[in-house]
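The values are calculated or read from the model by the stated rules, or taken from the named source; none is laboratory data. None of the values given here were measured: they were computed from a predicted structure. Here the Cβ is made from the backbone with ideal geometry for all residues, glycine too, and neighbour counts use every protein chain on show.
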Amino acid sequence: MKELQHYAELAYKILLGAPKYQADKNIISSVFRLSSGKNTDDDTVFRLIVIDSCYSTLLNKRYFGIEEIAEKINEVSENSDDVMVELLAEYLEKGNDKIGELFRGQYGIRKNGKKVGTAQSLISKYAYFLTDFKFPIYDNLARSSFVKIREAYPELMLNKLSDGNFFKEMKKLNENSRILDYDKLDNLLWLMGKMTEGSFSLILSKDKYLELVNRIDLLDKLDSREVDKKIREYVVGNINSLKDIFGRRAIKFMKFCFLKNNKT
């Protein structure tokens, strides 16, 4: 599994130099440090709002969603960060009913008063920052990248993902790949997902991003998804001539994403 270890390390180094990605991560981390210890509902709400804003988990679109998540987190943790960290570690190792219930819970309502659904993405990001990056993040990028890795590396013995086994399978991926670092695993999955989508705004400076999009025709006539697709097609077709924009490391990682067994 040296290949996956290598690319997880490479993703980590690339994202260390990604200004917007690091700025968002540093902002969230500082919020957790400033409010560490015993937390009121307001402290937890503030943490969740900052994560939701930086990561666009869209919980602010639900009525009362963030407040309900904060209330449940503080109920489970008894308003203690230390208790919550212990419960999250136990959940990854052997399961924990309180954390399982937290992830399965329904949070927020629509305008018509109907329940919206779970909030696993936001809660997992809360856990990731609370544990100092020792908990896997649940989101669409992680799921889609996991599928690609499972197909490309059958020797990892990974199972198909479901909402019920996501964290168990991420733990298995982290261990079987010998990455053994949830932060670097998240970097690998996140960067694979973003590059596969053709979304580069968080990993390039503003100047470099503008330089890239200005080389591509007709982007002003496309919607957001079509823009990403057009950028991805351009990057794949010109990958060997974009080192001045992305740098050597990112080009190497792109080739891994785009060309590995033609699965991405």
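Of the residues making up segment 157-193, those that are in a helix (DSSP H, G or I) and either more than 24 Å from Arg249 (Cβ to Cβ) or without any contact (Cβ under 8 Å) to a residue 24 or more places away in the chain (or both) are Phe166, Phe167, Lys168, Glu169, Met170, Lys171, Lys172, Glu175, Asn176. Residues in segment 56-72 that are of a type in the set (Ser, Thr, Tyr) and surrounded by 18 or more Cβ atoms within 10 Å (Cβ to Cβ): Thr57 alone.
Check Asp228, Asp217 and return the single one that is part of a loop (DSSP other than H, G, I, E, B), at pLDDT below 90 and not hydrophobic (A, V, I, L, M, F, W, C). Residue meeting the stated conditions: Asp217.
Which of the following residues is surrounded by fewer than 21 Cβ atoms within 10 Å (Cβ to Cβ) and touching a Phe, Trp or Tyr at 6+ places or on another chain (Cβ under 8 Å): Leu202, Leu180? Walk me through it before giving the result.
Values: Leu180 fails: touching a Phe, Trp or Tyr at 6+ places or on another chain (Cβ under 8 Å).
Result: Leu202 is the single residue among Leu202, Leu180 that is surrounded by fewer than 21 Cβ atoms within 10 Å (Cβ to Cβ) and touching a Phe, Trp or Tyr at 6+ places or on another chain (Cβ under 8 Å).
For segment 130-154, the set of residues classified as more than 22 Å from Asp97 (Cα to Cα), assigned to a helix (DSSP H, G or I) and touching a residue at least 24 places away in the same chain (Cβ under 8 Å) consists of Asn140, Leu141, Ala142, Ser144, Ser145, Phe146, Lys148, Ile149, Glu151, Ala152, listed by residue number.
As for segment 205-213, it holds at least one residue that is modelled with pLDDT of 90 or more, of a type in the set (Lys, Arg), farther than 21 Å from Pro154 by Cα and in a helix (DSSP H, G or I).
Yes or no, residue by residue, for (1) among the charged types (D, E, K, R); (2) in contact with a Pro (Cβ under 6 Å, 6 or more places away or on another chain); (3) at pLDDT below 95:
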site: Asp97; (1), (2), (3): yes, no, yes
site: Gly108; (1), (2), (3): no, no, yes
site: Lys111; (1), (2), (3): yes, no, yes
site: Lys134; (1), (2), (3): yes, no, no
site: Leu161; (1), (2), (3): no, no, yes
